[in-house]
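Report on the structure given below.
The values are calculated or read from the model by the stated rules, or taken from the named source; none is laboratory data. These numbers come from a predicted model, not from an experiment. Every residue, glycine among them, receives a Cβ derived from its backbone with ideal geometry; neighbour counts consider all protein chains shown. When the accessible area is computed, the model is the full protein with side chains, heavy atoms only, and any ligands, DNA or RNA have been set aside. Shrake-Rupley method; radii C 1.70, N 1.55, O 1.52, S 1.80 Å.
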Amino acid sequence: MKKLLAITLAFFAGAVFAESRLDTVMQKKVLAVCTTGDYKPYTFVNSDGTFEGIDIAMAKSLAKSLGAEVKWVKTTWKTLTPDFLTGECDIAMGGISVILERQKIAFFSNTLDIDGKIPLVRCENKDKYQTIEQINQPHVTLIEPKGGTNEAFVHKYLPKANLTLSDDNMAIFQQLVDKKYEVMITDSSEALYQQKRHPELCAINPTTPMQYGEKAYMLPKGDIIWKQYVDQWLHLAKATGEYQAVIDQWLASH
């Protein structure tokens, strides 16, 4: 019994005193952020290698609160999970959806926004592609970025559609405009953003998505101290209006 108690106490002592990412970020003065750089309005990498977007601004805010600089770690939707598991990143940001497969290997911050999957189509076809039944047909051409939750949704709910996977997420919208493909399934936030930039495109039923979704920041599994800090920073950013100001400013200027 004494031996079991000693082992238990040692375990909890190790859990309590294990170094958190909070400590290492402050010591190194570097916040390593995994981001894809291909998902406006959240994350986008310019031709000169600089990043911009809502979550890029928020990453800088988080780093500033810690007295650190941001180190961007470029990833893709297909490699986000394995890249994150290498331990190189302290946090993953950039319109990341909370799904159970990711939850198995990581913590998530408190929810940023509610989102969900909807069709993005040319406005001339908005009545043709309202439902899963209308889209899940062999003659309907779909295009999605490789990896991530858009591709997963299509495989699960639209298996009969004619799917093409793209390595260039940002090129998809012009391909829809140019009539190379009929439909893209994406989050309502991205569809609404691209609808403003491409008047030929329409976001279908953005307030009633085909699949419920949430967005949050991905954090290393098991690091409670780091999660608590990020959650409190995010809470204050929302409470003070900083988060909403970033959203409003970025959307208005881009």
From the residues VAL230, PRO220, GLN195, which one has its Cα farthest along the dipole of segment 179-254 in the positive direction, the dipole being from +1 and -1 charges on Cβ of Lys/Arg and Asp/Glu about the Cα centre?
GLN195
Cα to Cα, under 23 Å, and not fewer than 8 places away if on the same chain: which lysines meet these conditions relative to LYS29?
LYS60, LYS64, LYS71, LYS74, LYS221, LYS227
With helices defined as uninterrupted DSSP H runs, which ones in the chain have an alpha carbon span along their own long axis of at least 18 Å and mean Kyte-Doolittle hydropathy of at least 1.0?
2-17
Given a 1.4 Å probe and heavy atoms of the protein chains only, how would you sort CYS123, CYS89, largest accessible area at the top?
CYS123, CYS89
Give me the one-decimal nm value for the distance between modelled label points at GLU101 and GLN27, 7 Å along each residue's Cα-to-Cβ direction.
3.5
Using heavy-atom solvent-accessible surface (probe 1.4 Å) with all chains present, what is the largest-first order of ILE225, ILE118?
ILE225, ILE118
Given a Förster distance of 35 angstrom, what is the FRET efficiency for CYS123 paired with LYS78, based on the Cβ-Cβ distance and rounded to 0.05?
0.70
For SER47 and HIS235, calculate 0.36 nm times their separation in residues minus their Cα-Cα distance, and state this gained length in nm to one decimal.
64.4 nm
Run the helix sum for the chain: -39,500 (n - 2.57) per DSSP H stretch of 4+ residues, divided by residue count, reported at 222 nm to the nearest 500 deg cm²/dmol.
-12000 deg cm²/dmol
Could you calculate the contour length gain from ASP167 to GLU69, that is, 0.36 nm times the residue separation minus the distance between their Cα atoms, to one decimal place in nm?
32.3 nm
Check cross-link reach from LYS28 to the aspartates and glutamates: straight Cα distance under 17 Å, and skip same-chain residues fewer than eight apart.
GLU19, GLU69, GLU88, ASP90
For ASP248 and THR86, FRET efficiency with R0 = 30 Å and r from the beta-carbon atoms, rounded to 0.05?
0.30
